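The values are calculated or read from the model by the stated rules, or taken from the named source; none is laboratory data. All values derive from a computational prediction rather than experimental measurement. Glycine gets a Cβ as well: all are built from the backbone with ideal geometry, and neighbour counts include every protein chain shown. What goes into the accessible areas is simple: the full protein's heavy atoms, side chains included, and nothing from ligands, DNA or RNA. Shrake-Rupley method; radii C 1.70, N 1.55, O 1.52, S 1.80 Å.
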2 protein chains.
Amino acid sequence: MASDRLSITFAALADPTRRAILARLSHGEASVTELAKPFDLSLPGISKHLKVLQRAGLITRSRNAQWRPCRLEAAPLREASDWVADYRRFWDESFQRLDDVLQDLIKKEKADEHEGKHHAKD
Amino acid sequence: MASDRLSITFAALADPTRRAILARLSHGEASVTELAKPFDLSLPGISKHLKVLQRAGLITRSRNAQWRPCRLEAAPLREASDWVADYRRFWDESFQRLDDVLQDLIKKEKADEHEGKHHAKD
């Protein structure tokens, strides 16, 4: 398993439960028990996911309160976003190509309709 | 290992060699041999990474040319980007908080300097 920061972030995001935990924490701090509730997971099961998120710096756990709430930390997501954004022009290009193909199809369809009308007149 | 599309994409991105392969392909199609060159990897080693990227839909391999060039496919990156973008307000907020702290420090420093001058006059 790669150990650079960006790889650790992406690996942490490569799980639907962990992404759901981050989505929950985007609404505010939560205890481990609260986080476990919507998932069919034991406390050790959820703790394992939280450790992966903590290691990636995506969450922190307060040391003050006795219930040690978890909190979302967005900095690693910014790095992930910056990396992905470098490829934006590629998907923009893909969609432009798709749009060109669609425009060509519409033009062809209109031309065929026009042609059809002419034939109908004959 | 999670098998939903977004998890597969993030897992594929969680490796510096695979990200470097995508970066290379962003400059144009390349053969497996060309992709292996900059890395200290055997052909089977690079093929393993290419399979992960193919499974994630991040690359395709042409069936036409004999050298079967690899090509970047950006659509899964768009989905990954869309997911991460939902958290943008959090890092914007974090940086706003950092900025506020810095502004406070600057103000405090200026006030101390001013205070210092007054004391110097005494």
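If a residue counts only when it is within 11 Å of chain B (Cβ to nearest Cβ), in contact with a Cys (Cβ under 6 Å, 6 or more places away or on another chain) and under 24 Å from B:Ala2 (Cα atoms), which helices (runs of 4 or more DSSP H) contained entirely in region A:1-101 have at least 2 such residues?
none
Could you check how many residues of region A:90-109 are open to solvent by less than 90 Å² (accessible area, probe 1.4 Å) and under 27 Å from the mean Cα position of the chain (by Cα)?
Number satisfying all stated conditions: 6.
Which one of A:Arg68, A:Arg5, A:Arg63 is in contact with a Gly (Cβ under 9 Å, 6 or more places away or on another chain) and of a type in the set (D, E, K, R)?
Selected residue: A:Arg5, the only one of A:Arg68, A:Arg5, A:Arg63 that is in contact with a Gly (Cβ under 9 Å, 6 or more places away or on another chain) and of a type in the set (D, E, K, R).
Identify all residues within region A:56-77 that are surrounded by fewer than 18 Cβ atoms within 10 Å (Cβ to Cβ) and under 19 Å from the mean Cα position of the chain (by Cα); write none if there are none.
Hits for region A:56-77 are A:Gly57, A:Arg71, A:Ala75.
Considering only region B:1-43, how many residues are open to solvent by less than 10 Å² (accessible area, probe 1.4 Å) and within 17 Å of the chain's Cα centre (by Cα)?
8
If a residue has to be open to solvent by 50 Å² or more (accessible area, probe 1.4 Å) and within 23 Å of A:Ala20 (Cβ to Cβ) to count, how many in region A:78-89 make the cut? So that I can check it myself, show each step before the final result.
Filtering region A:78-89 down to residues open to solvent by 50 Å² or more (accessible area, probe 1.4 Å) leaves A:78-79, A:82, A:86, A:88-89.
Checking the rest, the ones that are also within 23 Å of A:Ala20 (Cβ to Cβ) come to A:78-79.
Qualifying residue count for the region: 2.
Enumerate the pairs (first residue in region A:44-62 and farther than 12 Å from A:Glu73 by Cβ; second residue anywhere and small (Gly, Ala, Ser) and surrounded by fewer than 19 Cβ atoms within 10 Å (Cβ to Cβ)) with beta-carbon separation below 7 Å, excluding pairs fewer than 6 apart on the same chain, so at least 6 apart or on different chains.
If the second residue must be small (Gly, Ala, Ser) and surrounded by fewer than 19 Cβ atoms within 10 Å (Cβ to Cβ), no pairs are left.
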